[in-house]
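Please read the structure below before turning to the comments.
What follows draws every value from the coordinates through simple rules; no lab data is involved. Keep in mind that what you see is a predicted model, and the values were worked out from it rather than measured. Ideal geometry is used to build each Cβ from the backbone, glycine not excepted, and the neighbour counts take in all protein chains shown.
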Amino acid sequence: MTWSTYSHRSLLAVVIGSLIVAACGSSSAPSSAPSSGASAEEQPFTVEQVPPSVKETVPSGLDAFSSGSSSGLPDPTISFSELRSGGPPPDGIPAIDEPKFLRASAVDFLGDTEPVLAVEIDGEARAYPVQILMWHEIVNDTIGGVPIAVTYCPLCNSAVAYDRRVGTRVLTFGTSGLLLNSSLVMYDRQTETLWSHFTGEGIIGMLTGVQLEKLSVAMVPWLAWRDAHPDSLVLSRSTGFTRNYGSNPYPGYDDVNSTPFLFEGKVDGRFTAMTRIIGINRGDAAVAVPLLQLRDQRVVPIQIGDEHFVVWWAPGTSSALDAGNVADGVDVGATGAFIPVVDGQALTFTASGDRFVDDQTGSTWNLLGRATSGPLAGRQLEAVVHVDTFWFAWSVFRPDTVVTAAN
């Protein structure tokens, strides 16, 4: 083991220890406490939520793992030995179940380049700062009448959003304290089934084998989101918990030569474990675009089966996992993935600064896929479910992935 690897693991041990202390200590704050940075004119407020289903009297996936027996449950999709304790106990990293929001215009605790998770459903747009998700990993929310879970795993830098409905059930999710391939494992509070954050599949419990529906979520800079959605809702720091929001408890974790925490799988040798990629899968097919290639080309068209997509990159987003403060992270930019068709017309694009221009009409498009000027002003490209993550995580869950070739 090299000294750099030893030091990195020692740092992570300190990080996990601090998370355990935060989880087990006196961490709750009054839920009505104002968000730091909230203006006098507006304080954090709640929105209407779809009520969750009641807890069911069924065998628990959490208990099955603890006891080592899945008696009374469907056969797990993984071996118990593939799971590792990340340190904190179940709910030790507390999900946000009663989110409070501010209007974008009232938010002053975010730097322009800080990453936020962008979600839009049925025309309703909402942003979730990574500086908050870093400490909670899951937000149970409702957008456009759809109950969703917005999830973020710092260890694989992956943001994935899910529809919380399974049949007639409306699930709520918490953190299990377990990791699968160094990735967050969630559990639902209705059946206590364990779920992979990365794939959305039930892996141990009554809902084993069930697949949650993925929703589009993008990690974009606060400035781009605020300019595009000045009246949108933004998750506030009024979470009901005391955390050092704005700080990064994993400084230096995204170094390309780092070692993933508690990852024991085999790293696909095409790239180093911590190489950043953007991944898209459709059915059984998966494609990865290395961030370095995307930064060089800015616009990369890809094809999966008969479907055509465009992936693009713009500068101006801080890495959440680099510096001690999220806002100070190195610029890793932000990506978007879209179906490049409007009214049946296929479009091709060229990068121009932090914007994109289609070659067919000369319209200018922002990072979020909306035309801001030109003949197509106001039109929106259909977003494609994708994930920005590290190569080790994508390749272990999608071992048959195809890597795009540089032009």
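Taken about its Cα centre, the stretch 275-356 carries a charge dipole of roughly 100 debye when the Cβ of each Lys and Arg holds +1 and the Cβ of each Asp and Glu holds -1.
Considering only alpha-carbon pairs that sit under 8 angstrom and 6 or more positions apart, the relative contact order computed for the stretch 276-403 is 25 percent. If only the Cβ of Lys and Arg carry +1 and only the Cβ of Asp and Glu carry -1, the dipole of the stretch 84-235 around its Cα centre is close to 300 debye. Placing dummy labels 7 Å off each Cα toward the beta-carbon, the span from SER85 to ASP331 is 4.4 nm. Comparing ALA383, TYR250, SER363 along the charge dipole axis of the chain, the residue lying farthest to the positive side is TYR250, per the Cβ-charge model.
The spacing between the stretch 293-327 and the stretch 47-73, judged by their C-alpha centroids, is 37 Å. Taking other C-beta atoms within 10 Å as the exposure proxy, SER70, SER183 rank SER70, SER183 from fewest upward. Note: relative contact order over the chain, using C-alpha pairs below 8 Å and six or more positions apart, is 17 percent.
Scaled to the globular estimate 2.2 N^0.38 Å, the Cα spread of the stretch 276-403, given as radius of gyration, is 1.09.
Going by neighbour counts of Cβ atoms within 10 Å, the residues SER81, SER60 line up, fewest first, as SER81, SER60. If you take the Cα centroid of the stretch 350-383 and the Cα centroid of the stretch 94-151, the two points sit 25 Å apart. Once the Kirkwood radius over Cα pairs is known for the chain, the Stokes-Einstein relation at 4 °C and 1.567 mPa s delivers a diffusion coefficient of 60 µm²/s. Applying Stokes-Einstein at 37 °C and 0.692 mPa s to the Kirkwood radius of the stretch 76-211, computed over alpha-carbon pairs, gives a translational diffusion coefficient of 212 µm² s⁻¹.
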